[in-house]
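The values are calculated or read from the model by the stated rules, or taken from the named source; none is laboratory data. The model shown is predicted, which means the values in this text are computed figures rather than measured ones. When we count neighbours, we look across all protein chains shown, and the Cβ atoms used for this are built from the backbone with ideal geometry, even at glycine. What goes into the accessible areas is simple: the full protein's heavy atoms, side chains included, and nothing from ligands, DNA or RNA. Shrake-Rupley method; radii C 1.70, N 1.55, O 1.52, S 1.80 Å.
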Amino acid sequence: MAEWLFEIFSEEIPSRMQSGAQKQLKELTAQSLKQARLKSGLITTFATPRRLTVLVEALETCQVDQQEEKRGPRVDAPQVAIDGFLKTSGLSLDQCEERDTAKGKFLFATQLIKGQPTEELLPDIALNILKAFHWPKSMVWAGRKETWVRPLRGLLCIYEGKVIPLSYAGVDSSNVTWGHRFMSEGPIQASNFVDYRDKLAQANVVLDWHDRRHLVKEEVGRLAETVGCVSTDNSSLLDEVTGLVEYPVPLLGQVDEQFMVLPDAVITTPMRVHQRYFPLRDKSTGKLAPYFVVIANTRTKDDGKTVIVGNERVLRARLADARFFWEQDQLEPLASYNSALEKLMFHQKLGSLSQKVHRIEKLAAWLGVVTETPTKEVMEAAQLCKADLATQMVGEFPELQGTIGRAYALNQGVSEDVAAAIEEHYWPLGGGGKTPERMTSILLGLADRIDTLVGFFALGIRPTGSKDPFALRRAALSVLSLVSASSQPIALKDAFSFAYNLYDWDAIGKETVLEKESTVNELWAFLMERFKHFLRDQQQSPHDHVDAVLAIAERTPDFKTLSRRVSALDQFLDTDNGTNLLAAYKRASNILRIEERNDSILYKGEVREELLNSPAELSLFEELESGDGSLKGAVDNENFDEVMSILSELRPTVDTFFDMVVVNVDDPSLRQNRLELLSKIRNTLHQVADFSKIEG
């Protein structure tokens, strides 16, 4: 067993791409080795701003010999066919085997293919990895056709201490790499992974991403302790900073006290988003402290004093702008900025933001009525929800949309519920993000997303493949999150229809848009597909359970109810009763499928009671009859715990029927009646879900 070390050295890789690149490098390496018929031990990847590295341990030194068998023509085939087979296989007739098959006696040629040494295969494996690699954005340089995320500068490729020769994008492989851009001198020669790792450490490069992340977190915490503070929990910032440095150097900076009167978000947004600083909070009070930690990528002779002064100056300038905007924006009421929304375009065909706000108002009010939510607060929040987009503060710091609107609204005496909705209607901000709890915020967020989805779907604009320029997938997932958070069920199809009617399609161009029914149906189908992913992510529901419930979703056009139904099905099928009833359903369905095909008929569960001549089938019929009504009532009342309880009680009767009764008897009337009874089992269970879609 051997070791293979492969490093791809380049200009700085964007931090946000490093995690995905590590994962892809590992997958491509495993795939390439498998295709080359080489087994290996652990495959480990590493990433720094300037390198991607893969280490393959316990790699086979040679392919395993392989037997290849080819079937030729029949032994009595024309001589020309036999000669052609012998020529292509490189064997004589004596070396071939005559073998009897179901179709007669054929010639077979068996050859031993000797495995190639791994050393000879690695150049192609490495090149395959480089060529198959996909970046979200790639570059070409120096007039070459090959692409990479940034210009390549080196390829280190070592197998058992030897350099594996290859060339890509004009770069030849070697055993050479480079350390830290500023805190190392000259190239580094490596003979194996341990040598490579240790020499990089001496050259001020922390190779492992997780080690760097831990080091950054520890150092930020240590500096925060020195001023009686703690770091705010911001894992995404920690991940980003980890990808920006090869050797973290933490430095403590101060915020001018004059700016501490600003809202926390106004201070921390320039820190986190623009400067990648870690804001600190007072350990005892929890309030934002006038300190921050910046992670530099190099040590300086003055221990970072100049770096700290420079960063403090940059932050001071940004916060001075923020304070100016804060003061100037509030010279006018927040509602006054709505007039400026007429000049801000939502979409070329769907009109201005001002028009969107008017539609949101009406849709939010309608949602308030159907959910029995007081509409006064909903309407007031809808009127103000986009006003801050026209302020100077949001113009300079777009990340503060909603947040600054809430702050301005509170300063001007707006109620907490309305002010919170201005900020929270943007939630969730991403997959798994926080969802609002207040109904005012939920309804306003729904109105905003539904208006967007209906407008674009009516125009025929859909996400395609990896392209989704208007973030419609995210909007759909947000709708599902908000509906799930709502205290009241919401019939989304009705909401889509209402939203469609709010658009002035004559002014937009009625001939260019879909009819309402088509728009609603296509949007519903799109949400259904998103719903599958939503439940798998949020509830860890198996895909087949989701499909089983969605197969009857037209009867339940409310996602909150569907979510609860899937959850109840998950729990039921995790019990012995659920497992056994599913097995009985499968047995009944298999018999029905075969007999319906043989009889060219679809059995509908129309059982004739007078033909039930055994206690087991009579008992099953009575159980299904009584359970049918109870089950329907429980489903209609959305009492899914009772639904599963009824199904549990049904299970032993079904088991007894299959133990005691033969379905396919000679008497045609009796046989048909028993098939109808099986169909009745199927129909009963289909009130809950389409059990045929459940695996197992």
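At a glance:
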quantity	calculated
Extension reserve of the GLU606-ARG71 stretch, reckoned as 0.36 nm per residue once the Cα distance is removed	187.1 nm
Distance between region 377-444 and region 462-506 - C-alpha centres, whole angstrom	19 Å
FRET efficiency, 1/(1 + (r/R0)^6) with R0 35 Å, evaluated for ARG144 and SER352 via beta carbons	0.15
Radius, Kirkwood style, for region 287-400 when every pair of distinct Cα atoms is counted (Å)	17.7 Å
Segments 180-192, 412-424 sorted - mean Cβ within 10 Å per residue, highest first	412-424, 180-192
Overall dimensions of the chain by Cα: Rg and Dmax, Å	34.0, 101
GLU638 versus GLU257: modelled label distance in nm, points set 7 Å from Cα along the beta carbon direction	5.6 nm
³J(HN,Hα), Karplus 6.51/-1.76/1.60, whole Hz, each residue of region 54-67, x for Gly, Pro	10, 10, 10, 9, 6, 8, 4, 7, 7, 5, 6, 4, 10, 8
Candidate lysines for bridging to LYS467, where Cα separation is under 17 Å - those fewer than 8 sequence places away on the same chain excluded	LYS137
Cβ-defined net charge surrounding ARG474, 11 Å radius [Lys, Arg +1; Asp, Glu -1]	+2
Contour minus Cα-Cα distance for ASP321 and SER19 (0.36 nm per residue)	105.2 nm
Cα centroid separation - region 155-231 against region 625-696, whole Å	64 Å
Those GluC sites (Glu not before Pro) in region 595-685 that DSSP places in a loop and that have at most 14 other beta carbons within 10 Å	GLU606
Share of carbon and sulfur in the accessible heavy-atom surface of the chain [1.4 Å probe, %]	49 percent
Alpha carbon convex hull of region 251-308, volume per residue in cubic angstrom	90 Å³
Unsatisfied cross-links (Cα-Cα over 18 Å) in the set LYS199/LYS301; LYS434/LYS532; LYS560/LYS693; LYS39/LYS114	LYS199/LYS301; LYS434/LYS532; LYS560/LYS693
Computed helical MRE - 222 nm, the chain, DSSP H runs ≥ 4 contributing -39500 (n - 2.57), nearest 500	-16000 deg cm²/dmol
Accessible area expressed per residue, region 141-218, with surrounding protein chains retained (probe 1.4 Å, Å²)	52 Å²
Fully extended contour minus Cα-Cα distance, from TRP524 to GLU11, at 0.36 nm per residue	180.1 nm
Set of aspartates and glutamates with alpha-carbon distance to LYS145 below 17 Å, sequence-local pairs under 8 removed	ASP172
Label-point separation in nm, VAL194 to SER339, each point 7 Å along Cα→Cβ	7.7 nm
Computed E for ARG587/ARG99 - FRET, C-beta separation, R0 41 angstrom, nearest 0.05	0.50
Theoretical FRET efficiency, 1/(1+(r/R0)^6), r = Cβ-Cβ of ILE594 and ASP628, R0 22 Å, to 0.05	0.30
Candidate lysines for bridging to LYS103, where Cα separation is under 18 Å - those fewer than 8 sequence places away on the same chain excluded	LYS70
